[in-house]
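Chemist: Please see the structure below; I have some questions.
Since every read-out is calculated from the coordinates, none of them should be taken as a lab result. Nothing here was measured: the structure is a model prediction, and the numbers come from that model. Backbone-built Cβ (ideal geometry, glycine too); neighbour counts: all protein chains shown.
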Amino acid sequence: MWAVFAVLSAVFAALTSILAKVGISGVNSNLATAVRTGVVLVMAWAMVFLTHTQSGFPDISRKSWIFLILSGLATGASWLCYYKALQIGEASKVVPIDKMSVVLTLVLAFVFLREEFTVKSLVGCLLIGAGTLFMVL
């Protein structure tokens with residue numbers, strides 16, 4: 001089931017880029033990011049209440065709070081930079097560079113989470129990196 005959600009994530013991420021590129025025309029990128037974030041906030045809390053998972057709120061550990069907050073800050077910084085790049089650059093070049101996060105995630109998962117880094121992972125990282133360079137040059 002995770003693969004279905006991963007594919008849906010990719011589809012929605014692609015739509016996000018195209019819709020955002022059109023939507024930020026004539027709008028300050030920071031304001032556009034705030035509008036998008038507000039919509040995401042409402043949607044996320046709606047899902048919490050629709051699935052009746054709000055009762056788990058008090059059970060979130062201090063460690064989880066810290067890392068969720070840090071993750072939120074990283075997401076915010078990513079979105080602000082992404083929208084600014086998308087506003088001043090071509091989507092066909094901004095998006096591949098943004099997706100270099102795949103390579104960075106694999107490396108960080110290996111270093112900090114001690115996840116396995118195989119020859120297949122290395123080849124995949126090299127291909128993604130080379131493909132990104134090929135697309136933006």
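Chemist: Name the pairs whose Cβ atoms lie under 6 Å apart, with the first residue in segment 69-89 and exposed (fewer than 14 other Cβ atoms within 10 Å of the Cβ), the second hydroxyl-bearing (Ser, Thr, Tyr) and not in a helix (DSSP H, G or I), and 6 or more positions between them or separate chains?
Modeler: The qualifying pairs do not exist here.
Chemist: Of the residues THR37, THR118, THR51, THR75, only one is more than 22 Å from VAL136 (Cβ to Cβ) and touching a Gly at 6+ places or on another chain (Cβ under 8 Å); which?
Modeler: Criteria check complete, one pass: THR37.
Chemist: Looking only at segment 42-62, decide whether some residue is out of contact with any Ser or Thr (no Cβ under 8 Å at 6 or more places or on another chain) and touching a residue at least 40 places away in the same chain (Cβ under 8 Å).
Modeler: Within segment 42-62 (the criterion being out of contact with any Ser or Thr (no Cβ under 8 Å at 6 or more places or on another chain) and touching a residue at least 40 places away in the same chain (Cβ under 8 Å)), the answer is no, since none of the residues qualifies.
Chemist: What are the pairs, 6+ residues apart or on separate chains, where a residue within segment 10-39 that is at negative phi has its Cβ under 8 Å from a residue that is among the polar types (S, T, N, Q) and assigned to a helix (DSSP H, G or I)?
Modeler: Once the first residue is at negative phi and sits in segment 10-39, its partners that are among the polar types (S, T, N, Q) and assigned to a helix (DSSP H, G or I) give ILE24/GLN87; SER29/GLN87; ALA32/GLN87.
Chemist: Let me ask you something else. Would you tally the residues in segment 50-66 being surrounded by 10 or more Cβ atoms within 10 Å (Cβ to Cβ), assigned to a helix (DSSP H, G or I) and hydrophobic (A, V, I, L, M, F, W, C)?
Modeler: So the count comes out to 2.
Chemist: OK, next. Of everything in segment 67-113 that's basic (Lys, Arg) and assigned to a helix (DSSP H, G or I), which residue is farthest from GLY26 (Cα to Cα)?
Modeler: Result: LYS93.
Chemist: Which ones in segment 117-137 are among the small types (Gly, Ala, Ser) and closer than 22 Å to ALA91 by Cβ?
Modeler: Of everything in segment 117-137, those that are among the small types (Gly, Ala, Ser) and closer than 22 Å to ALA91 by Cβ turn out to be GLY129, ALA130, GLY131.
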